[in-house]
1. Let a ≥ b ≥ c be the square roots of the eigenvalues of the Cα gyration tensor of segment A:148-219; is it rounded (a/c under 1.5), or, if not, prolate (a/b larger than b/c) or oblate?
2. Run the numbers on segment A:275-362 and let me know its relative contact order in percent, using alpha-carbon pairs under 8 Å that are six or more apart.
3. On alpha carbon coordinates alone, what is the Rg over Rh value for segment B:23-107, Rh being the Kirkwood radius?
4. Pick from A:319, A:366, A:40: which is most flexible by mean-square fluctuation in a GNM of chain A where alpha carbon atoms under 10 Å apart are linked?
5. For residue B:81, project a label point 7 Å along Cα to C-beta. Then give me every residue of segment B:97-113 with its amide nitrogen under 13 Å of that point.
6. Enter the Cα centre distance for the pair segment A:354-391 and segment A:70-125, rounded to the nearest angstrom.
7. Quick check on packing: order A:256-265, A:243-252, B:167-176 by the mean number of other C-beta atoms within 10 Å, highest mean leading.
8. Quick check on the exposure proxy: order B:195, B:88 from fewest to most C-beta atoms within 10 angstrom.
């Protein structure tokens, strides 16, 4: 029963903590602050060997309260964090890092930079080695801020490049930012992890200074090193880089192929399909069909007229050439049970027609081929289209009618 | 000034050595045993539960008493283990130590507790009845029970140190238990009968125009539950917010001093910072110590005071006397356990007993700041004394006991 009449120091602090937690869960910041005021005493007996001792609790709880309480200010927050830094040397860099994040979230970029620089210069015996990871992160985030400065300088130069403007100091500043940023960005992306923002910035710097080889190597490492976690963005960045530098279709395709494998619903699948459709190689065109069908399996693509036009184009091409109808049959086989309800219901026909004529046109073509001219979707849309005397719908109707036996071949 | 952690008072380490267990050692809780012993000797109107409550509420120096020591008395090293208080005093511990102390000091029989003393069950029951907002008329019944089981006698109530044959009396628990027994006698408290009686009293109240209202258990229950819940919640929060440290921190040695002072400073800073965010101003002055935790006034027009209510609603006339309508009784336990074996005379588990019974125990548990099981133990003892003859007779004829 909770109505114990005994009480000791440890128990009362445990109970206090549970009150704080309840208050925080209910967003009652005043009440949480009230109980925290009683809880801080536990610092005076920080003999606990448990992982989360009072000082870490107080740091985290205090931060939450100060973030949300309406009366707290940045000044108060900073003063609180400075105290927290002195509380636990094992946590020093972590607190510095989170402090910097908080400052950034509040738009205090200069202060964040100062904090990070200060933290960088911290040394504390063997702790320095133990907290090596945090130190790398601190340097990395400072590098990001250096990159940010670099961008600013670059923009200044671009704006005033032509006037008799004192470019030299700005240039020098810019290059200095680059050097500071580059060395630390390079360091952090060596560690297996997800470093999207850091990679992008680093590549941006390298490209600007013309070091394309280094940039390509960085992106390849990031995308293909098996030690790094599978990250679709890595492949996107690589693809974008290759495209920017006019690399061969082959390399572009191989970059996007992996993306298709990991994230079949990725927005780049449209580009991928477009590229593949144009290919002379049969295998690539086959892949293109697979890619676009796979993308349209996802609810997020249902209303994407561009995607449907890709599929429609390829289906039309195949049907017209009367070659490789088996490709459509293969793709349709696993979808014929659920695509009709998913994409081609009568409700969707009405809605698509009302909201987006082009979308309904493309879908109608696909429906007409896959489900035949008597399917609900095609019938409704083509009827509406012809009624509205839109030319392409008449053409569509003729086309589907002409190729109606196809439906029988692929549905069997 | 020595700097090792093992220094401090000259005999500090000796004091804490294990083989000293046989002898009586002075501890902080024992200072309270001393106080209580003195209060008992003087027959002051303060029970042990009152005393301990005042300590917890901060009216009696105990928690950080070293703050009040003269400057010259510096505590460090093992002194800290002796003087540093990190738990609330426990009733049982203080009481038992008091008994040991009385023996150790070779004290004679204490001054008699007579029926004009505050600690006498007749007086104490009156006080608790008032506090529990129960009708004054119940006092007649408590006196009857007290008389019947002979617990109002000076020989029973007075402490004789060293006399192992008599069971030692906890006056506050005893008085509370008597009231609980009376409530069981009149209302049965089996989660059924008391409500039935209450409805009956309510009916009779409708036709009752002259005189005071009849006592209705249901109404009383609602009022008390409401107040008790509020008070209990407040008490729970106070437990969570309890502060143990003071401005003058303790430290093991001079080396640790600066670290301890720095921590103290940080705690004060944080308390100020978050105290401001807490909004409401913390009351600077403690309320004065009060013997009564709950008070009820007959001047309240909302009818929330039951002192003047009449028990007639639940009594019946038999042979010119008013007796309880309730013919039944259930015992808290078939057989009393031996305290020496398991520390308890009975074994209380909330789920084994009716909720009304638990409610009543809870009420007194709150007032006395002790576990309900202690009151239950005492209730069982009184019951067994009360129904002694009947018990023996029933057992003999094997009719079984109602429970």
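Computed from the coordinates by the stated procedures, all read-outs in this text should not be read as laboratory data. Quick caveat: nothing in here was measured; it's all calculated off a predicted structure. All Cβ positions, glycine included, derive from the backbone under ideal geometry; neighbour counts span all protein chains shown.
1. Values: a/c = 2.77, a/b = 2.31, b/c = 1.20.
It comes out prolate by the Cα gyration axes.
2. Details: 47 pairs, mean separation 24.3, N = 88.
Computed value for segment A:275-362: 28 percent relative contact order.
3. Working: Rg = 13.6 Å, Rh = 13.8 Å.
With Rg and the Kirkwood Rh in hand, the quotient comes to 0.98.
4. The residue that fluctuates most here is A:40.
5. none
6. Their Cα centres are 61 Å away from one another.
7. Working: A:256-265: 17.5, A:243-252: 12.4, B:167-176: 21.2.
Highest-to-lowest ranking by the protection proxy: B:167-176, A:256-265, A:243-252.
8. On the way: B:195 16, B:88 23.
Taking fewest neighbouring Cβ atoms as first place, the list is B:195, B:88.
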